[in-house]
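In what follows, a single structure is set out as structure tokens and then discussed.
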Amino acid sequence: MPVGLLYTIGFIIALILALAMTPLVKKFAFKVGAIDKPNHRKVHTRIMPRLGGLAIYIAFVGAFFLLSPFIPDGLLRARDTNMINALLVGGTMIIILGALDDRFELSAKVKLLGQIAAACVVVFGFDVKIDLLNIPFGETMQPIAGWISIPLTILWIVGVTNAINLIDGLDGLAAGVSGIAIATIVVMASLMGFQPVILLSTLLLGGIVGFLVFNFHPAKIFMGDSGSLFLGFSLATLSMLGFKQVTIVSFVTPLLIIGVPLSDTFFAIVRRWVNKRPIFAPDKGHLHHRLRDLGFSHRRTVLIIWGVAAIFGALAIIQSAVVQSSAANWITFAVICMLMFFLQIGAEITGIVDKTRRPLINFLSRMRLRLKVDAETRSK
């Protein structure tokens, strides 16, 4: 069977499984009490079932095992199989942790310990870790010492896992952003010919698309922490598996793939620090909250953020495509500067950090006014 056809069939299987399992998971969530009640921080106004991540997980794992007998010999090496097992075992731990939280609302410390445990299984149980780094304006690849690579890998997995969880505030938002990031990984892994990442990402994307049918506004079920944590963990692991040994990708690329949740998390930390609030204290200052406050509808807010995520994904693909060129370092530098500029402008327009402070916009306004005055003076 051609590899492309195999991946297409896998996507369809995962999609069908998600479509079939989500209504069943919805009934199960109500039965066991895994529900989300409205409060002052939440947008929805009625009791909603959580646990939707379980449907994505079942679709992903089910499609993988149904497809396994048809994977051609030689497509996956022993190390590839080890990587796949790392994602399956660690992902199973995360989905259990998230499902328990959807039902019993675990404390933040317990969830963090569970995430660290899953990350440690990936690192110590399957020896999967970031061991090479591409540094702009430096050598092509720099090996990382074990004492750095282990905590760096754990920090990456836990950080990305929580970043997806933080943006899960509107119907279809986290699932859509994750789907766009996974689709980006599929494209990049295809360009590199990295088969295990293509396989896993395609199956996961099928599960996400199937779930979105029930999760887009007005949602019939929430993904809950089971979904946001599982998708975050999967994104962290897949991006690391796909790029830790590939010399054509710089360290910027994985950051671009998760640009939306990463930037939202960064601004949340800055916002809470500026306002002298605990960093982990929840608030209503995230990007989706600010867009709603600016008057955008529920759907339009989600679509805007999906669009931003797609731009980040396109930049990641461009970055990976040009990183072998002679101008790669300068392109990387230009991409970073451009992103920092537009992120700051976006933060000031939306008020994601502070609703009153707009230093860059005010500076640009003063410069524009000065140029206008100078032009009028010269014309006289």
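Observations, loosely collected:
- Residue within segment 72-90 that is under 28 Å from L170 (Cα atoms), touching a residue at least 60 places away in the same chain (Cβ under 8 Å) and touching a Phe, Trp or Tyr at 6+ places or on another chain (Cβ under 9 Å) present: yes
- Any chance S320 is over 23 Å from L166 (Cα atoms), assigned to a loop (DSSP other than H, G, I, E, B) and modelled with pLDDT under 90: no
- Residue that is assigned to a loop (DSSP other than H, G, I, E, B), farther than 15 Å from G224 by Cα, open to solvent by less than 40 Å² (accessible area, probe 1.4 Å) and not hydroxyl-bearing (S, T, Y), where the choices are L75, L6, L87, L51: L75
- Residue count for segment 347-370, restricted to those that are surrounded by 15 or more Cβ atoms within 10 Å (Cβ to Cβ) and either free of Cβ contacts under 8 Å to residues at least 12 places away in the same chain or more than 19 Å from R292 (Cα to Cα) (or both): 1
- K129 fulfils the conditions (1) under 23 Å from the mean Cα position of the chain (by Cα); (2) modelled with pLDDT of 85 or more except for a single criterion, (2).
- Going through (1) touching a His at 6+ places or on another chain (Cβ under 8 Å); (2) modelled with pLDDT of 95 or more one by one, I167 falls short only on (2).
- Residue count for segment 267-312, restricted to those that are within 15 Å of D354 (Cβ to Cβ), open to solvent by 80 Å² or more (accessible area, probe 1.4 Å) and not in a loop (DSSP other than H, G, I, E, B): 2.
- Residue in segment 225-247 that is modelled with the highest pLDDT, counting only those that are more than 13 Å from the chain's Cα centre (by Cα) and open to solvent by less than 10 Å² (accessible area, probe 1.4 Å): S226
- Segment 158-182, subset in contact with a Gly (Cβ under 8 Å, 6 or more places away or on another chain) and among the hydrophobic types (A, V, I, L, M, F, W, C), residue nearest to G210 (Cα to Cα): A175
- Applying a threshold of 7 Å to beta carbon distances and a minimum spacing of six or more residues, or different chains, the list of pairs starting in segment 277-306 at a residue that is touching a residue at least 40 places away in the same chain (Cβ under 8 Å) and aromatic (F, W, Y) and ending at one that is part of a helix (DSSP H, G or I) and open to solvent by less than 90 Å² (accessible area, probe 1.4 Å) reads F280/A108; W306/G176; W306/V177; W306/I180.
The values are calculated or read from the model by the stated rules, or taken from the named source; none is laboratory data. This one's a predicted model, so the numbers in the text were calculated from it and none came from an experiment. A quick note on method: Cβ atoms are made from the backbone with ideal geometry, for glycine too, and the neighbour counts reach across all protein chains shown. All accessible areas refer to the heavy atoms of the entire protein, side chains included, with ligands and DNA or RNA removed. Shrake-Rupley method; radii C 1.70, N 1.55, O 1.52, S 1.80 Å.
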